[in-house]
Amino acid sequence: MRRVKFEHLLSMAFLVAILGTAVMLLWNWLVPDIFGLQTINYWQAVGLFVLAKILFGGKGHHLRHLHHEDAKNMFRDKWMKMSPEEQKEFVKKRRENVRNHWHARFGHGQDFSFDSNNDANSTSVNEDE
């Protein structure tokens, strides 16, 4: 157990060293010429990396460490355990979420139907407006 923790800490230290060096080299190569800012040293680069991780990285998504196939199989298993009524309700809620997201992002203009059965009842654009 101690060996695993030591190896984990050693690999994390190595990763921080590599990433700190990469941040420092990229900063010193790009930022002074583009923005006219000063160069930074290694410890400033490590601090910048940690700050960026805190501000933008967060802890990641809970499925981040799962491989794509594992996540896909997890959702497939969940879907297969649902009854047909639960599957229909799930699809209905997903469609409502998509519509709500669409309206929140692009406004409440025309309400276009997502169903192919409602082609005759779809909203048309009024040219007088």
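The values are calculated or read from the model by the stated rules, or taken from the named source; none is laboratory data. What you see is a predicted model; the values in this text were computed from it and never measured. Reconstructed Cβ throughout: ideal geometry from the backbone, glycine too, with neighbour counts over all protein chains shown.
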Legend entry - Residues being exposed (fewer than 12 other Cβ atoms within 10 Å of the Cβ) and not hydroxyl-bearing (Ser, Thr, Tyr) - total across region 6-36: 17
Inset, instruction - Could you run through region 21-78 and say how many residues are outside any helix (DSSP H, G or I) and either modelled with pLDDT of 80 or more or of a type outside the set (Gly, Ala, Ser) (or both)? - result: 14
Inset, instruction - Write out, first by first residue and then by second, each pair whose Cβ atoms fall under 8 Å of each other, whose residues are 6+ apart or on separate chains, and whose first residue, in region 27-44, is at positive phi while the second is assigned to a loop (DSSP other than H, G, I, E, B). - result: none
